[in-house]
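Down below is the structure, laid out as structure tokens.
The values are calculated or read from the model by the stated rules, or taken from the named source; none is laboratory data. Keep in mind that this is a model prediction, so the values were computed, not measured. Cβ sites come from the backbone with ideal geometry, for glycine too, and all protein chains shown count toward neighbours.
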Amino acid sequence: MRLLDRKRRPHTREVRTGESPLKGASSFEKSQPRPPRLAFLLLPLVSVVRMSPLIAPLRTAVALGAMRLVNGASRRLGQGAGTVAGGRVALLLQPRLVSHLLKGRSVVLVTGTNGKTTTTALTVAAMGQPVASNVTGSNMLAGVVAALAADRSHTAVLEVDESYLSLTLADSHLAESVTVMLLNLSRDQLDRVTEVRSIAALWSRALHDARPVTVVANVSDPLVAYAVAGLDRVVKVRVPTTWNSDALSCPLCTQALSFGDGDWSCHCGFTSPDANVRLGRDISWNGSNFPLSLSLPGAFNAANATMAFATAVVVHAHDPAEVIAAMNAVTSVAGRFEIREWRGRRWRLMLAKNPAGIEALCREVGPSRLLVIDMNDGIADGRDPSWLYDAPFENLSTRTVICMGSRRLDLATRLQYAGFEVLVTKNPVDFTRDGEVTDVIANYTAFADWMNRSQPC
Amino acid sequence: MLTVAVVYPDVLSTYGDSGNALVLRARAQVRGIASTVIECRFGESLPHADIYLIGGGEDGPQRAACDYLRRDGSLGRRIDDGAHVLAVCAGFQILGASFEVGAGEIYQGLDLLPIVTTRGTQRSVGDLVVRVGSELLVGFENHGGVSTMSGGDALGEVVSGFGNDGRVDGASAPGVTATYAHGPVLALNPWLADEILARAVGYQLEPYASVADDLHLERCRALGALS
């Protein structure tokens, strides 16, 4: 008997650790993403179209028409942003839709555990030309379909979920050219994607099977290096790394790896390969240095920009100075690091959904009076929050944390054991002050909740 | 001084299991019990400790960890000398007579528990609730094993989830507590953390109220295990 789908009961009370239950006004309830029921209404149409001997282009046209219909209705009914439901219906009508939409285009696929959305946005900027992209972060096939149907630009830069890379690659066989950017692999949504090593093996197989593609690979990550071993057309990128706890044992022989700054090696001989593009203080390539001054904060975004640089400059031959200038001008991507207003207070929103992401943000968040961390367990977040114990919250300089989200008690327990003062509440406004900007670290659906409830300042 | 050893956290801690050490240390500290946590890395020899924590891991690391523990050879002796082992998921399977990895490859375990683990037809992924005496144990399981006991006691009866075989979960033997529940299991079940601590120090601990109690209650309610 499985309990996965059983509805959680609403919490009956809130607690402040060591004190009496908090009586904070419960002003909002977390909204779980709902399944697109609308799509089911179109099932009769789906079966008619699939069984009929329509020729492929006509079927594609019908599929795209149906998608626009569903997406429009979905937006009007307030069921969502209106990209996923329609995409799903269109894919049911025409399973080969993605390959038709990619035909003749110059395609860049961005995948990895962390940094996909930001790297996609930086790459779009770096290409300096009209680009079709699913930069809002809807990275399943349905989101890809919606993005491609809406924009017929020759170049497409697509964020792809790490477990969908092989499918999307198979769909790219009619494209003019394909570049695959492999950012990193770490544990994320353990209940769904189970084992990072098996993803690395899937990538490797998919890239070997695909017709010639160019890969831009962050080889500072041993699992990425493993995935591109033996491939011909690889631009290797080296970036400083601080997170390697997900790849401590060798992908080839499972012995322990030893790490330097962006380099690693194993007794079995598997060692980080020489890189073509490196990030130190500047980006180095081809004997020259290119200083970055990104508007986006954090060492992780400098690493993302280096990957985008390698794609735009090394693979697509764009001018390095123009590429750097375009990336420097990117200020905020899909709300990440944006300061927004909610209930008369200002909040800086940050997204982290796994240990590697938390590690990066712990270095980004400065010392402050308090911090909000908001953790949900929706389908898109993963139902197993045990990764909270692999995330180095101990590195935070803030000692008081407001715990929010459907797994706020898991979070509060984790942080209390680490010695933090924890405040468990749905209403963080009670603890913030006028004029203060409070940092918020939220996982996927919690971040979406914050975007919905807040406005730009 | 209470010594807690985390066994090979570099290869056996896929699901936050190393957090069990944090829980033990914190709960010992509030009782005025000095403790130290030793992380025994893969390939190092096992230190002397009062409590050994063995977590979950992927197939390759699980086999490698089992090889190293067998070569080390000291875990069984430590249990005989009075140490306590908490083994979770892959760590639990390692303690048995054998376990199956990949496609039908049978691997010798450490033979400290009368348990044989085979591959089930599907992975068990989801919340797990187990009745252990008068207590409820909650956690999250994520494994493909079916564990069959040829003697000895399970840790408890499955209320919901799969555990060893859909009926019982884990094992309880002198010096060993084993379960399929991650979470980490001691974070979600403060009563179990205190039980293991009390056994190690040899006396009953004073109650300690913390947010973990609310978490345990909330999980039991959310999973329909409490009326």
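So the values come out like this:
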quantity: Residue in segment A:345-357 that is hydrophobic (A, V, I, L, M, F, W, C), without any contact (Cβ under 8 Å) to a residue 40 or more places away in the chain and farther than 24 Å from A:Pro456 by Cβ present; calculated: no
quantity: Single residue of segment A:397-412 satisfying the filter (assigned to a strand (DSSP E or B) and buried (at least 21 other Cβ atoms within 10 Å of the Cβ)) that is nearest to the other protein chains (Cβ to nearest Cβ); calculated: A:Cys403
quantity: Residues of segment A:162-197 classified as at pLDDT below 90 and part of a loop (DSSP other than H, G, I, E, B), total; calculated: 7
quantity: Among residues of segment B:1-18, those that are of a type in the set (Gly, Ala, Ser) and farther than 25 Å from B:Ser74 by Cβ, counted; calculated: 1
quantity: Segments classed as strands (runs of 3 or more DSSP E), wholly inside segment A:231-346, with at least 2 members that are under 12 Å from A:Ser220 (Cβ atoms) and out of contact with any His (no Cβ under 7 Å at 6 or more places or on another chain); calculated: A:234-238, A:277-279
quantity: Which numbered condition B:Tyr208 misses (of (1) within 14 Å of chain A (Cβ to nearest Cβ); (2) out of contact with any helix residue (DSSP H, G or I) (no Cβ under 8 Å at 6 or more places or on another chain)); calculated: (2)
quantity: Test set (1) touching a strand residue (DSSP E or B) at 6+ places or on another chain (Cβ under 6 Å); (2) farther than 30 Å from A:Ala63 by Cα; (3) among the hydroxyl-bearing types (Ser, Thr, Tyr) - A:Ser198 fails condition number; calculated: (1)
quantity: Number of positions in segment A:249-282 that are within 25 Å of A:Asn301 (Cβ to Cβ) and either buried (at least 18 other Cβ atoms within 10 Å of the Cβ) or away from every other protein chain (no Cβ under 14 Å) (or both); calculated: 16
quantity: Residue match in segment B:144-156 (condition: within 11 Å of chain A (Cβ to nearest Cβ) and in a helix (DSSP H, G or I)); calculated: no
quantity: Residue within segment A:416-437 that is buried (at least 21 other Cβ atoms within 10 Å of the Cβ), touching a helix residue (DSSP H, G or I) at 6+ places or on another chain (Cβ under 9 Å) and free of Cβ contacts under 8 Å to residues at least 60 places away in the same chain present; calculated: yes
quantity: Check on B:Ser35, buried (at least 19 other Cβ atoms within 10 Å of the Cβ), more than 10 Å from chain A (Cβ to nearest Cβ), within 28 Å of A:Leu411 (Cβ to Cβ) and of a type in the set (S, T, N, Q); calculated: yes
quantity: Single condition A:Ile199 does not satisfy, out of (1) within 12 Å of chain B (Cβ to nearest Cβ); (2) without any contact (Cβ under 8 Å) to a residue 12 or more places away in the chain; calculated: (2)
quantity: Residue ID - surrounded by the fewest Cβ atoms within 10 Å (Cβ to Cβ), chosen from residues in segment A:334-373 that are aliphatic (A, V, I, L, M) and more than 22 Å from A:Ser386 (Cβ to Cβ); calculated: A:Ile339
